[in-house]
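Worksheet: the structure to be examined is printed underneath.
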Amino acid sequence: SQTIHQWPATLVQPVGSPLSLECTVEGTSNPNLYWYRQAAGRGLQLLFYSVGIGQISSEVPQNLSASRPQDRQFILSSKKLLLSDSGFYLCAWNLQETQYFGPGTRLLVL
Amino acid sequence: SQKIEQNSEALNIQEGKTATLTCNYTNYSPAYLQWYRQDPGRGPVFLLLIRENEKEKRKERLKVTFDTTLKQSLFHITASQPADSATYLCALPPNTGFQKLVFGTGTRLLVSP
C-alpha cells in the first residue's frame with residue numbers, strides 16, 4: 001500500500017532563516033505530488049505541484065520554491081523565511097481524482 | 001470570481017442526530033466533487049467522491065448529494081457519534097488545470113454525547 005512521509009513534524013525557525021521540508025512517497029511510481037499550506041483558521045492553499053522529476057508548477061508567487069530530485073521525493077524550500085510563512089504544510093499525492101495527504105509539518109516562524 | 005463556500009461557524013449537534021453540512025460553489029463547472037475529513041493537527045482524509053451525473057452517493061453512515069443546477073453539495077452523517085467531530089472540507093477541480101483540487105475552508109462539526 002501507499003504511504004506518504006513528511007519531516008520534520010514540527011519546526012520553529014527565526015525570520016530570515018532557510019527552510020527545507022521533505023516529503024517522500026512509498027508504494028507508487030511517478031505520482032503527481034502537491035505542496036499545500038494551511039494557515040491558522042484558513043483553508044488549504046495549493047503552493048506547488050509536480051507531475052514528474054524536475055517538473056514543478058507554482059500556484060502562488062512567494063518566497064518559497066519546490067524541487068523534485070527523485071520520482072518519489074518532493075522538497076519545499078525557502079532561502080529566507082517570513083513571519084507570514086508560518087502554517088501547517090501538507091504534502092499530497094493523487095490517485096486518479098483523489099488526493100492523499102501526509103501527516104504535515106507545523107512551521108512557526110518567530 | 002470562483003468561490004467555494006462552506007459555513008465557517010461550527011455545527012453543534014447531539015449524538016444520534018443527523019448532521020448536514022453544505023458546500024456551495026460559484027463559477028465552477030466541476031465534473032465531480034469530493035468530501036474530506038480533517039482532524040486537528042492532521043492531514044485531510046478522503047471520504048467520498050460524487051460525479052456530476054450522480055445525484056446521491058452513500059458510504060456507511062455518510063450520504064452526499066450533488067445538485068449541479070443549484071451548484072451545491074450536501075454532506076450528511078446519520079446517527080452521528082462524538083468520534084465524528086472534525087472539520088469537513090469539500091473540494092472540486094478547477095475549471096482548468098491538470099488533476100488539481102480547490103478546497104473549501106471547511107465546517108467544524110461537534111457532536112456532543
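The values are calculated or read from the model by the stated rules, or taken from the named source; none is laboratory data. Remember, it's a predicted structure, so these values are computed and weren't measured experimentally. Neighbour counts are summed over all protein chains in view; Cβ atoms, including those assigned to glycine, are modelled from backbone coordinates with ideal geometry. Side chains included, ligands, DNA and RNA excluded: accessible areas come from the protein's heavy atoms. Shrake-Rupley method; radii C 1.70, N 1.55, O 1.52, S 1.80 Å.
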Exercise for review: Among the candidates B:E54, B:E5, single out the residue that is assigned to a loop (DSSP other than H, G, I, E, B), surrounded by 12 or more Cβ atoms within 10 Å (Cβ to Cβ), in contact with a strand residue (DSSP E or B) (Cβ under 8 Å, 6 or more places away or on another chain) and among the acidic types (D, E).
Suggested key: B:E54
Review point. For segment A:45-57, which residues satisfy the criterion of being more than 9 Å from every other protein chain (Cβ to nearest Cβ) and either assigned to a loop (DSSP other than H, G, I, E, B) or farther than 24 Å from B:R42 by Cα (or both)?
Key: A:G52, A:I53, A:G54, A:Q55, A:I56
Review point. Would you pick out the residues in segment A:76-110 that are open to solvent by 30 Å² or more (accessible area, probe 1.4 Å) and among the aliphatic types (A, V, I, L, M)?
Key: A:L82, A:L83, A:L95, A:L108, A:L110
Practice item. Considering every residue within segment A:88-106, establish whether at least one is in a strand (DSSP E or B) and away from chain B (no Cβ under 11 Å). Key: no
Check your understanding: A:R42: within 14 Å of another protein chain (Cβ to nearest Cβ) and in contact with a helix residue (DSSP H, G or I) (Cβ under 9 Å, 6 or more places away or on another chain), yes or no?
Key -> no
Check your understanding: With B:R42, B:R37 as the choices, which residue is among the basic types (K, R) and open to solvent by 70 Å² or more (accessible area, probe 1.4 Å)?
Key -> B:R42
Check your understanding: Restricting to segment A:23-39, what's the tally of residues that are at positive phi and either in contact with a Gly (Cβ under 8 Å, 6 or more places away or on another chain) or within 11 Å of chain B (Cβ to nearest Cβ) (or both)?
Key -> 1
Exercise for review: Give the number of residues within segment A:59-71 that are within 13 Å of the chain's Cα centre (by Cα), open to solvent by 10 Å² or more (accessible area, probe 1.4 Å) and more than 13 Å from every other protein chain (Cβ to nearest Cβ).
Suggested key: 4
Exercise for review: Only residues that are surrounded by fewer than 19 Cβ atoms within 10 Å (Cβ to Cβ) and touching a Phe, Trp or Tyr at 6+ places or on another chain (Cβ under 8 Å): list them for segment B:72-97, please.
Suggested key: B:Q72, B:P94, B:N95
**Study point:** Per-region count, segment A:20-36, residues surrounded by fewer than 21 Cβ atoms within 10 Å (Cβ to Cβ) and either under 27 Å from B:Q6 (Cβ atoms) or not hydroxyl-bearing (S, T, Y) (or both)
**Key:** 5
Revision key, fill the gap. In segment B:85-100, anything more than 14 Å from B:L48 (Cβ to Cβ) and touching a residue at least 60 places away in the same chain (Cβ under 8 Å) is listed as B:P93, B:P94, B:N95
